[in-house]
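Beneath this line is the structure, given in structure tokens, with notes to follow.
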Amino acid sequence: MTRSGLQQDVINLYRQGVRNAMSKTPEARQSFLLHLRYNFRNPPLRQRDYTAIEHQLRKMSRTLEMLSESSTQRISISPEWKDWWAEEVYKAKTKPRPKSTIPESSNVQEQGDKEDKTQVLKKDEDGRDRDQWGGKLPGHGGT
């Protein structure tokens, strides 16, 4: 997959932050990782908001430069950030798993009798999903 320069910058900065966190003591590592996660996800930015993304990149690069110094051994994490992370973990663990599209029965007769009325799949003649974006074009607000 080809990534834009801005996407590559974000990924490289995040990797640099993870390497920085791994260079700290095991006791302080969790705090550095939580700081990194929180600051990369907050404030939530849209993909098309280039100026805000560039601003956050500059801000985080300065912060990571400061935190990567050997004199920085610990970082304080607010209870709000800990609550935020606990909520994110809870959401990930309770996220419903998608139902399998493979029928349970291998009998062709029984497959024809069963109809899944919850979802209608539009297939082309090759059997591929025609409606790959779910009725919305990416980045167009559903037009």
Between residues in the range 37-61 that are β-branched (Val, Ile, Thr) and residues that are surrounded by 12 or more Cβ atoms within 10 Å (Cβ to Cβ), which pairs lie under 6 Å by C-beta distance while being six or more apart or on different chains?
Ile53/Leu45
Just the residues that are closer than 24 Å to Ser4 by Cβ, at pLDDT 90 or above and aliphatic (A, V, I, L, M), please, taken from the range 23-53.
Leu36, Ala52, Ile53
Determine if the range 54-61 includes at least one residue that is modelled with pLDDT under 90, closer than 14 Å to Val10 by Cβ, not in a loop (DSSP other than H, G, I, E, B) and not charged (D, E, K, R).
no
Please work out which one of (1) surrounded by fewer than 11 Cβ atoms within 10 Å (Cβ to Cβ); (2) at pLDDT 70 or above; (3) part of a loop (DSSP other than H, G, I, E, B); (4) under 20 Å from the mean Cα position of the chain (by Cα) is the condition Pro138 fails and give its number.
(2)
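Just to be sure before I move on: is Met66 surrounded by fewer than 16 Cβ atoms within 10 Å (Cβ to Cβ) and either of a type in the set (Val, Ile, Thr) or part of a helix (DSSP H, G or I) (or both) in the structure I sent?
It is true that Met66 is surrounded by fewer than 16 Cβ atoms within 10 Å (Cβ to Cβ) and either of a type in the set (Val, Ile, Thr) or part of a helix (DSSP H, G or I) (or both).
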Boolean, Trp85 is surrounded by 13 or more Cβ atoms within 10 Å (Cβ to Cβ), under 20 Å from Arg15 (Cα atoms), in contact with a helix residue (DSSP H, G or I) (Cβ under 6 Å, 6 or more places away or on another chain) and of a type outside the set (S, T, N, Q)
yes
Taking the range 10-53 and keeping residues among the polar types (S, T, N, Q) and either surrounded by 11 or more Cβ atoms within 10 Å (Cβ to Cβ) or part of a loop (DSSP other than H, G, I, E, B) (or both) leaves Asn12, Gln16, Asn20, Ser23, Thr25, Gln30, Ser31, Asn39, Asn42, Gln47
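The values are calculated or read from the model by the stated rules, or taken from the named source; none is laboratory data. The shown structure was predicted, so the numbers you read here are calculated from the model rather than taken from an experiment. Glycine gets a Cβ as well: all are built from the backbone with ideal geometry, and neighbour counts include every protein chain shown.
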